[in-house]
Amino acid sequence: MLSIIDTLTEKGVTLISHKENIDTDTPAGKFMLTVFAALSQLEREQLKQRQRESIEIAKAQGKYTGRKPIEIDWTRFGQLYGEWKSKSITGVTLCGEWVCRLTPFTAVSGSMNQLTALSSLPLLDHYF
């Protein structure tokens, strides 16, 4: 968060929050923003640590096995990917036919760029 504020400051932008009474043009405002950012980072790291510990405990008790693997029809994927790459179908069609049925929407964000990057990997050449 502080790096974003520094970048904005370099571009002449000032952050002013009337609710928290922060003005990054003043030393006190910069200090308060730094304290809030540090507390936010501490809270996030503690939350992640508690989550990791809880997962370890659940695994030790046999209650947590992780996400179940998704079965992938690589032949169908290769066919649809080839159609998308040759511009026979749109990314929306590809998503509707294959990608969105396998992954949550948030994981699909930017998937067309990822697929383009994947096409250059020799690992996937034997699928297409």
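Things worth noting here:
- Partners of residue 19 within straight-line reach, counting lysines whose Cα lies under 16 Å from its Cα and excluding those fewer than 8 residues away in the same chain: 30.
- Full extension of the chain segment joining residue 75 with residue 47 gains 6.0 nm, where the gain is 0.36 nm per residue of separation less the Cα-Cα distance.
- The length gained by stretching the chain between residue 26 and residue 56 to full extension, at 0.36 nm per residue less their Cα-Cα distance, is 6.3 nm.
- For segment 2-60, the share of alpha carbon pairs falling in successive 5 Å distance bins from zero is 4, 17, 18, 17, 11, 8, 8, 6, 6, 3, 0 percent.
All of the numbers you see were taken from the coordinates with simple rules; none came from a lab. Please read all numbers here as calculations on a predicted model, not as lab measurements.
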